[in-house]
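Q: Below: one structure in structure tokens.
The values are calculated or read from the model by the stated rules, or taken from the named source; none is laboratory data. Source: prediction; values computed, not measured. A quick note on method: Cβ atoms are made from the backbone with ideal geometry, for glycine too, and the neighbour counts reach across all protein chains shown. Calculation scope for accessible area: heavy atoms of the full protein, side chains included, ligands and nucleic acids excluded. Shrake-Rupley method; radii C 1.70, N 1.55, O 1.52, S 1.80 Å.
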Amino acid sequence: MDSIISSGLIGLSMAAQYALISIGFTLVFGITGVVNFAHGGFYILGGYLAYALGHFLGLPYVVSVVVAMAATGVIGYIIEALFVEKYVADHLATMLITLGIYLIMTAGVITVFGPEPAEFSFPVSGSLRGPHFYIPYANLIVFGVCTVAITAVYFLVFKTRYGMALRAMADDSRVARAQGIQPAKMFPMAFAIATALSGMTGALVTPMLSLEPHGGEAILTKAFIIVILGGLGSVTGATVAAFIVAMVETYSSVYLGGSRGALVLFVLVVLILMFRPQGLFGTVARKA
């Protein structure tokens, strides 16, 4: 009983992390049609920025996370405006551009910080213990912060005029343009929001896991699985799929082992996609 409850609580924390990283990925695809292979790079960049600000400048961890989030958002805005925007209609070109950006970011991190993992640890230790459960305080804090961030994204997307414009671009870009919505203004901001969420997740999560230059590859793979399962372009789908993936991953890893747990996850994803190829909340075909 203790392990069931504790694993579930940790799984919820993982679900919030996965949702935050995946929402940005699916947001960019839904609005611009771009599969951003640099998304994992911004995750790692956020972690290294938070590490550098705390380790070299002595800034508090909270301030480091906020600055890392803002910095990755600004960098994402610049990259979209300078490199992605002019090729946004050419999906193959944007995939190659974002892949190249990821490789440049990884090489830059290795050049500055070296190839070995950085000694980056979460500033809060210990665990909350109760009847039949325990959960590290770090997981609780990250769960709370990610939940607030996800709620803020939902408010932005579904309750504001800017969010209405974003969803209009995702639903039918031609009609949105006819209504006066300008992609040149919307696309960079959407990219900035996504990269800021990715950088924030990296700054929060890498102290609990590991901060190393190639860590973005694993997180990009996980985000890709989640957004496909949830339905490419669906923010709600990414959130629900993140919960499913995290809980399956947590319980199968605890009771079956790491390799078998990964196998169970992939089998489940394949079975779901056999019956719903468009994903849980996706549409049959994305409108141009």
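This table checks each residue for (1) farther than 16 Å from Ala203 by Cα; (2) modelled with pLDDT under 90; (3) polar (S, T, N, Q).
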site	(1), (2), (3)
Val66	no, no, no
Ile75	no, no, no
Leu82	yes, no, no
Thr98	yes, no, yes
Ser127	yes, yes, yes
Val148	no, no, no
Ala168	yes, yes, no
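Q: Would you point out which residue out of Leu12, Leu27, Leu20, Leu82 is more than 13 Å from the chain's Cα centre (by Cα) and either closer than 24 Å to Val142 by Cα or not aliphatic (A, V, I, L, M) (or both)?
A: Criteria check complete, one pass: Leu12.
Q: Check the stretch 174-190 and report whether any residue there is in contact (Cβ under 8 Å) with a residue 12 or more places away in the chain and charged (D, E, K, R).
A: yes
Q: Quick one: Gly58 ticks every box in (1) assigned to a loop (DSSP other than H, G, I, E, B); (2) touching a residue at least 60 places away in the same chain (Cβ under 8 Å); (3) of a type outside the set (A, V, I, L, M) except a single one, so which number is it?
A: It is condition (2) that Gly58 fails.
Q: Does the stretch 79-99 contain any residue that is closer than 27 Å to Ser13 by Cα, without any contact (Cβ under 8 Å) to a residue 24 or more places away in the chain, in a helix (DSSP H, G or I) and not acidic (Asp, Glu)?
A: Scanning the stretch 79-99 turns up no residue that is closer than 27 Å to Ser13 by Cα, without any contact (Cβ under 8 Å) to a residue 24 or more places away in the chain, in a helix (DSSP H, G or I) and not acidic (Asp, Glu).
Okay, residues lined up against (1) in contact with a strand residue (DSSP E or B) (Cβ under 8 Å, 6 or more places away or on another chain); (2) within 26 Å of Thr151 (Cβ to Cβ); (3) at pLDDT below 85:
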{"residue": "Ala246", "(1), (2), (3)": "no, yes, no"}
{"residue": "Tyr255", "(1), (2), (3)": "no, no, yes"}
{"residue": "Leu263", "(1), (2), (3)": "no, no, yes"}
{"residue": "Leu268", "(1), (2), (3)": "no, no, yes"}
{"residue": "Gly279", "(1), (2), (3)": "no, yes, yes"}
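Q: Name the residue that is most open to solvent (accessible area, probe 1.4 Å), counting only residues in the stretch 17-49 that are among the aliphatic types (A, V, I, L, M) and assigned to a loop (DSSP other than H, G, I, E, B).
A: Val35
Q: Looking at the stretch 161-176 only, could you name the residues that are basic (Lys, Arg) and surrounded by fewer than 14 Cβ atoms within 10 Å (Cβ to Cβ)?
A: Arg161, Arg174
Q: Mind checking which residues of the stretch 150-160 are assigned to a helix (DSSP H, G or I) and either surrounded by fewer than 19 Cβ atoms within 10 Å (Cβ to Cβ) or modelled with pLDDT of 90 or more (or both)?
A: If the condition is that a residue be assigned to a helix (DSSP H, G or I) and either surrounded by fewer than 19 Cβ atoms within 10 Å (Cβ to Cβ) or modelled with pLDDT of 90 or more (or both), then Ile150, Thr151, Ala152, Val153, Tyr154, Phe155, Leu156, Phe158, Lys159 are the ones that fit.
Q: In addition: Taking the stretch 1-16, which residues are open to solvent by 10 Å² or more (accessible area, probe 1.4 Å), over 21 Å from Ala241 (Cβ atoms) and not acidic (Asp, Glu)?
A: Met1, Ser3, Ile4, Ile5
Q: If you check Gly199 against the conditions, is it at positive phi and in contact (Cβ under 8 Å) with a residue 12 or more places away in the chain?
A: no
Q: Shifting gears a bit: Can you name the residue in the stretch 177-192 that is within 23 Å of the chain's Cα centre (by Cα) and open to solvent by 30 Å² or more (accessible area, probe 1.4 Å) and is also nearest to Ala71 (Cα to Cα) among such residues?
A: If we take residues in the stretch 177-192 being within 23 Å of the chain's Cα centre (by Cα) and open to solvent by 30 Å² or more (accessible area, probe 1.4 Å), then Met189 is nearest to Ala71 (Cα to Cα).
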